[in-house]
Amino acid sequence: MPFLVLDGLDKSFQSNRVLRELSLEIEKGEVLALLGPSGSGKTTALRLIAGFEAPDLGRIRVDGEDVTGLPPSRRRFGMVFQHYALFPHLTVGENVAFGLEGTGKEESRRRVAEALAQVDLPGFEARRVGEISGGQQQRVALARALAPEPRVLLLDEPLSNLDPTLRERTRRELRTAIRKIGITTVLVTHEQEEAFHLGDRVAVLHGGILHQVGSPEDLYERPATRFVAGFVGRASAFPGTYEGDGKVRLPSGEAWAGEPAGDLKPGEPAELVVRPESLVFIPGGLPGRVTERRYAGPVSFFLVALDGQEVEVMAPSGAASEEDAVSVGLGTSGPRPRIFGVGKA
Ligand code: ADP
Ligand code: MG
């Protein structure tokens, strides 16, 4: 049985429908990353789960218990907000104890010590917030959420406050901590890399609509919608007409094969969407010219202008230079191209 269930959550602010029938099931101990661009409804979803907002429709269940009508304090969820404010005039220990009012002194001391140990800051109780690093402050915010021993951990863009040099390291520390604790977690982010690194599964939200839930491999290799194909990883789109049988007829007259995502009828306008590593330079392909080469060590990413469009090819760095005339075709390795109907989701 899934531990945390979101069942048809719908939320509007005035006439703005921000979440549309959001349903998700999260296993006990699982880390689910909720990924989407700014404004896609991620924070709203998290606030509904935490109980800071009420859904217009739908239910939230935890461990079989319906918590939809409960106030945040009775859900036993821990939340780290996007702009987690620590109290600068309090010590680390006092900050972590903040959510423990009503707990006895000894018990409170024990939980603070345990939460600090969980985030790998043992013995930091007496430190001042101002004298620890930004990455350590982030972990103190996490310890503050963990101290009341929540059933579910909710994190809203937990690394967005950190500068890029600290972010990578803190991300690893965060991953280690939540996995060691084994706590059921929903983590919101707009960064694909963060979602792939931290999430066991990733749920992609766009315009309040859940487009796909799956492993990073599922999303990258078998995107369910055109949006996911473009938002997760790099891809080039070849417009044409669906022929049936998993083939798209390109304007040049060639038919290229891929995997249809959803129902498509022969004759419909369609796009074949291809990852850079699934394209190759090969004689007899589509003629084009290299406009840019992005060197990445043994391989490079080549932007190629083909008859009115630009595509991206990953190939050995020595394969071509800028301004070279090349010929682009489908390779035999790399994810199978996906076919999407044009004008569909
Ligand atoms: P994200 O976290 O993915 O960036 P949000 O959930 O914060 O997205 O916002 C989604 C949409 O809902 C936005 O259009 C935002 O303006 C709107 N919204 C969020 N909260 C409120 C609110 N309290 N009142 C009115 N509109 C809101
Ligand atoms: Mg947000």
Expressed as a percent, the portion of alpha-carbon pairs in region 100-144 spaced more than 12 Å apart is 59
In Å, the Kirkwood estimate of hydrodynamic radius for region 1-157 over Cα pairs equals 16.8
Any residue on another chain or 5+ positions along whose placed amide H is under 5 Å from the amide H of Ser300 is listed here as Ala315, Ser317
With Ala143 itself left out, Lys, Arg at +1 and Asp, Glu at -1 over residues whose Cβ is under 11 Å from its Cβ give 0
So, with points 7 Å from each Cα along the Cβ direction, the Phe87-Arg175 label distance in nm works out to 3.5
Output ordering of 203-209, 119-125 (per-residue mean of other Cβ within 10 Å, highest first) is 203-209, 119-125
At R0 = 25 Å the Cβ-Cβ FRET efficiency linking Ser73 and Met1, nearest 0.05, sits at 0.50
Packing-ranked peptide list from 239-249, 273-283, highest mean Cβ count within 10 angstrom first, is 273-283, 239-249
Long-range amide H partners of Leu34, meaning residues 5 or more apart or on another chain whose placed amide H is closer than 5 Å, are Leu187, Val188, Thr189, Ala203
Between the alpha carbon centres of region 188-212 and region 5-53 the gap in Å comes to 12
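Hull surface divided by four, with the convex hull built on the Cα atoms of region 179-308: how many nm²? The partial results should precede the final answer.
Values: hull surface 43.4 nm².
For region 179-308, the mean projected area of the Cα convex hull comes to 10.9 nm².
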For region 222-274, whose charge dipole is built from +1 on Lys and Arg Cβ atoms and -1 on Asp and Glu Cβ atoms, the candidate among Ala257, Thr241, Phe227 with its Cα farthest towards the positive end is Phe227
Among Ala50, Gly267, Leu306, the residue whose Cα sits farthest towards the positive end of the charge dipole of the chain (+1 at Cβ of Lys and Arg, -1 at Cβ of Asp and Glu, taken about the Cα centre) is Ala50
Mean projected area (nm²) from the convex hull of Cα positions in region 16-70 is 4.2
Along region 228-234, Karplus-curve 3J(HN,Hα) (6.51, -1.76, 1.60; θ = phi - 60°) to the nearest Hz, with x for Gly and Pro, reads 4, 4, x, 7, 9, x, 9
Mean Cβ-within-10 Å packing, highest first, puts peptides 175-188, 286-299 in the order 175-188, 286-299
Once phi for every residue in region 70-80 is put through the Karplus expression 6.51 cos²θ - 1.76 cosθ + 1.60 (θ = phi - 60°), the whole-Hz ³J(HN,Hα) values, with Gly and Pro written as x, are 7, x, x, 5, 9, 8, 6, 10, x, 10, 10
Length gained if Ser15 through Lys28 is fully extended, taking 0.36 nm per residue and subtracting the Cα-Cα distance, is 1.1 nm
Share of accessible surface on carbon and sulfur in region 1-52, whole %, 1.4 Å probe and ligands ignored, is 44
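Name the shape class, rounded, prolate or oblate, that the alpha-carbon gyration tensor gives for region 104-198, where a ≥ b ≥ c are the square roots of its eigenvalues, rounded holds for a/c under 1.5, and otherwise prolate holds if a/b is larger than b/c and oblate otherwise.
Details: a/c = 2.29, a/b = 1.39, b/c = 1.66.
In terms of gyration-tensor shape, oblate.
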HN-Hα couplings for region 310-326 via Karplus (6.51, -1.76, 1.60; θ = phi - 60°), in whole Hz with x for Gly/Pro, come out as 10, 10, 10, 10, 9, 8, x, 4, x, 5, 6, 10, 4, 6, 5, 7, 9
Taking r as the C-beta separation of Glu149 and Arg294 and R0 as 56 Å, the FRET efficiency to the nearest 0.05 is 0.75
Once amide hydrogens are built 1.01 Å from N within the peptide plane, the residues lying 5 or more places from Gln82 or on another chain with amide H under 5 Å from its amide H are Asp156
Note to self: Kirkwood Rh of region 49-133, Cα pairs, one decimal, Å, is 15.0
Partner lysines whose C-alpha sits under 23 Å from that of Lys247, ignoring same-chain residues fewer than 8 away, are Lys265, Lys344
Normalised per residue, the volume inside the convex hull of the alpha-carbon atoms of region 282-345 in Å³ amounts to 120
Taking every C-alpha to C-alpha distance in the chain and binning by 20 Å from 0, the per-bin percentages run 27, 46, 24, 3
With -39,500 (n - 2.57) per DSSP H segment of 4 or more residues and division by the full residue count of the chain, the 222 nm estimate, nearest 500 deg cm²/dmol, is -6500 deg cm²/dmol
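Excluding Leu279 itself, what net charge comes from residues whose Cβ is under 13 Å from its Cβ, given Lys and Arg +1 and Asp and Glu -1?
0
The values are calculated or read from the model by the stated rules, or taken from the named source; none is laboratory data. Computed from a predicted model, the values in this text were never measured in an experiment. Neighbour counts run over all protein chains shown; Cβ positions are idealised from the backbone, glycine included. We work out accessible area using only protein heavy atoms, side chains counted, and drop any ligands, DNA or RNA first. Shrake-Rupley method; radii C 1.70, N 1.55, O 1.52, S 1.80 Å.
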